[in-house]
Amino acid sequence: MSKAVRKYLIAGNWKMNKNAAEAVDLVKELQLEAGDQFLVSVLVCPPFTALESVAGIIEDSSIHLGAQNMHPEPSGAYTGEVSAEMLRHLFVTFVILGHSERRQYFNETDAFINTKVLAALNGSLKPIVCVGETLEEREAERTLEVVSSQVKGCLEGVPEEKADQLVIAYEPVWAIGTGKTATPEMAQEVHALIRGLLKEQFGEVMAERIRILYGGSMKPDNAYELLSQEDIDGGLIGGASLQARAFLKIMESARALSS
Ligand code: PGA
């Protein structure tokens, strides 16, 4: 089977940037050029406080809406948290889970991320499950071991019939926000490993349908090379997603590779 079964997903992770008014301005710019094309899936993940305003702008376009986190419980005494159902109510369809910044600053573990992945799937949200090694782990040649254990831990108990709703994002921690990018070959090696793990867990046919994104300083000038790798099916883009021009250029690379 080939890459052709998977549509590229170009996802913007806006992190803790843009108030609601600024988010609306940015998404309006994106919508002008990306709002009516279906060759590539385009996703924006604004902060919670901008989800509703952004949803109002993109409702008739092909741009998808994602959140950056959620709590696994459906409701209850979890001050400061939001549930899958609350997100879905705002027309959110994707949710980033286990981003390295959540692992690093909020002590999220694979076991906790796993509960969120299962809750997202149960709540009809598509989880974007983030994995990736730190610089120390790469230098100690532990990349493949670390990524394998993260993938297995985060995906435990995912039912096979829901596996095609998953998206995996490989984000080497040392490449996030640093301007350092994994070479296309380095990234492809890890993506192929992840695809192999998905095959073991869900079977060949299902594994070929799951998108694996690369994240970590993806920019217009490195996107084409990265996206042309066999197992790289899109990007999770932080810094470059805050400027419409840069994000749209990355999307154009994916479009060029799709046609
Ligand atoms: P970056 O962030 O593109 O700014 O490196 C990527 C991410 O953290 O998802």
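The table below gives the values:
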{"read-out": "Pair list, Cβ < 8 Å and 6+ apart or interchain, from segment 170-186 residues that are near the ligand (Cβ under 9 Å from one of its atoms) and of a type outside the set (A, V, I, L, M, F, W, C) to residues that are open to solvent by 50 Å² or more (accessible area, probe 1.4 Å) and at pLDDT 95 or above", "value": "Gly177/Gly239; Thr181/Lys219"}
{"read-out": "Checking Gly179 against (1) in a strand (DSSP E or B); (2) open to solvent by 20 Å² or more (accessible area, probe 1.4 Å); (3) small (Gly, Ala, Ser), the condition it does not meet", "value": "(1)"}
{"read-out": "Meets criteria (small (Gly, Ala, Ser) and away from the ligand (no atom under 16 Å from the Cβ)) for Gly234", "value": "no"}
{"read-out": "Test: residue in segment 165-174 that is out of contact with any Leu (no Cβ under 7 Å at 6 or more places or on another chain) and surrounded by fewer than 17 Cβ atoms within 10 Å (Cβ to Cβ)", "value": "no"}
{"read-out": "Tally, over segment 48-70, of residues that are in contact with a strand residue (DSSP E or B) (Cβ under 8 Å, 6 or more places away or on another chain), open to solvent by 50 Å² or more (accessible area, probe 1.4 Å) and of a type in the set (Ser, Thr, Tyr)", "value": "0"}
{"read-out": "Among the candidates Val147, Val158, residue that is within 20 Å of Lys116 (Cβ to Cβ) and part of a loop (DSSP other than H, G, I, E, B)", "value": "Val158"}
{"read-out": "Within segment 195-223, considering residues that are within 16 Å of the ligand (Cβ to nearest atom) and in a helix (DSSP H, G or I), the one least open to solvent (accessible area, probe 1.4 Å)", "value": "Ala223"}
{"read-out": "Selection from segment 16-47 of residues that are open to solvent by less than 20 Å² (accessible area, probe 1.4 Å) and of a type in the set (Gly, Ala, Ser)", "value": "Ala23, Ala34, Gly35, Ser41"}
{"read-out": "Some residue of segment 252-259 being touching a strand residue (DSSP E or B) at 6+ places or on another chain (Cβ under 6 Å) and more than 10 Å from the ligand (Cβ to nearest atom)", "value": "yes"}
{"read-out": "Any pair with Cβ under 7 angstrom, 6 or more apart, that starts in segment 99-110 at a residue that is within 11 Å of the ligand (Cβ to nearest atom) and ends at one that is in a loop (DSSP other than H, G, I, E, B) and modelled with pLDDT under 95", "value": "Ser100/Ile176"}
{"read-out": "Given (1) over 18 Å from the mean Cα position of the chain (by Cα); (2) open to solvent by 60 Å² or more (accessible area, probe 1.4 Å); (3) on the phi < 0 side of the Ramachandran plot, number of the condition Arg88 does not satisfy", "value": "(1)"}
{"read-out": "Number of the condition not met by Ala246 [criteria: (1) assigned to a helix (DSSP H, G or I); (2) more than 11 Å from the ligand (Cβ to nearest atom); (3) in contact with a Lys or Arg (Cβ under 9 Å, 6 or more places away or on another chain)]", "value": "(2)"}
{"read-out": "So Glu73, is it open to solvent by 10 Å² or more (accessible area, probe 1.4 Å), under 14 Å from the mean Cα position of the chain (by Cα) and not hydroxyl-bearing (Ser, Thr, Tyr)", "value": "no"}
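The values are calculated or read from the model by the stated rules, or taken from the named source; none is laboratory data. Everything numeric here is computed off the predicted structure, so don't read it as measured data. Because the Cβ atoms are built from the backbone with ideal geometry, glycine has one as well, and the counts that use them run over all protein chains shown. Calculation scope for accessible area: heavy atoms of the full protein, side chains included, ligands and nucleic acids excluded. Shrake-Rupley method; radii C 1.70, N 1.55, O 1.52, S 1.80 Å.
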